[in-house]
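The values are calculated or read from the model by the stated rules, or taken from the named source; none is laboratory data. These figures come from a predicted structure and were not determined experimentally. Don't worry about glycine lacking a Cβ; one is built from the backbone with ideal geometry, like all the others, and counts go over all protein chains shown. These area figures cover heavy atoms from the full protein model, side chains too; ligands, DNA and RNA do not enter into them. Shrake-Rupley method; radii C 1.70, N 1.55, O 1.52, S 1.80 Å.
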Amino acid sequence: MRAPISIIIPTLDAADGLAETIPALIEGLEAGLVRELILSDGGSGDATHAVADAAGAVWLSLPATRALRLRRGAEAAQGDWLLFLTAGAVLSEGWSREVAAVLAAPGAYHFQLRFRGRGLLPGAVAGLVNLRARLRLPLGEHGLLIDRATYDAVGGYPEVPQLEDLAIARALGKRLVGLPIVAETCPRAFLQPGWLRRGGCATLNLVRFLSGADPKTLKADRRD
């Protein structure tokens, strides 16, 4: 039996993040779960391609939006299940056992987010975004494990300029369930503008999107 899961990571200058992410994925490879690793790249100028080659990953070069790169990664994938991750995410030890346990139950699953960092803010922000995930509105950093049939049924990631993770989560609705797997990541997207400013921007975009605003009109909120 062929391994069921294709792992898809959108990348952009993500060499350092991949160096953290890939070692934790070996557990799934050894468990016979991982069929392939696909990197859908937006035009990296660092060593991302070299890291991909060293890991034996499938390389897709698509200087396009993150949503389109996710879609193209899914189209290229050969697995019956798709696991979307962000570069820099490190899955907690034992993740392969939790994943294996749900492969007989088609649907969509997200993980629990933890930020690497000192102080109160990383933990507080992670708590808030995990609460949001329990409301079935996870971030891309939570990861998404979804079987091919369910992914196709909701139309996959929509071709929008941003908030593609929220859009697919809304399409999935009650089919989206949390798993007790931690995806620990570097909060680089929060560090540059500041935790409060970044969190405020994300919350405002969320409220406006849920109110029906066109993603094109929202403030840019890129993470890769």
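Assorted remarks:
- Highest-first arrangement of 119-128, 39-48, 150-159, where packing means the average Cβ count within 10 Å: 39-48, 150-159, 119-128
- Per residue, the accessible area of region 48-115 comes to 42 Å² when a 1.4 Å probe rolls over the protein heavy atoms.
- What separates the Cα centres of region 6-37 and region 132-179 is a distance of 20 Å.
- For the pair Q78 and S92 in one chain, pulling the backbone fully straight at 0.36 nm per residue adds 2.5 nm over the alpha carbon distance.
- Region 1-154: C-alpha gyration tensor shape, a/c 1.5 cut-off, then a/b vs b/c: rounded
- Rounded to the nearest whole Hz, the Karplus-based 3J(HN,Hα) values (6.51 cos²θ - 1.76 cosθ + 1.60, θ = phi - 60°) of region 60-70 follow the sequence 10, 9, 9, x, 9, 5, 4, 4, 5, 5, 5, with x at glycine and proline.
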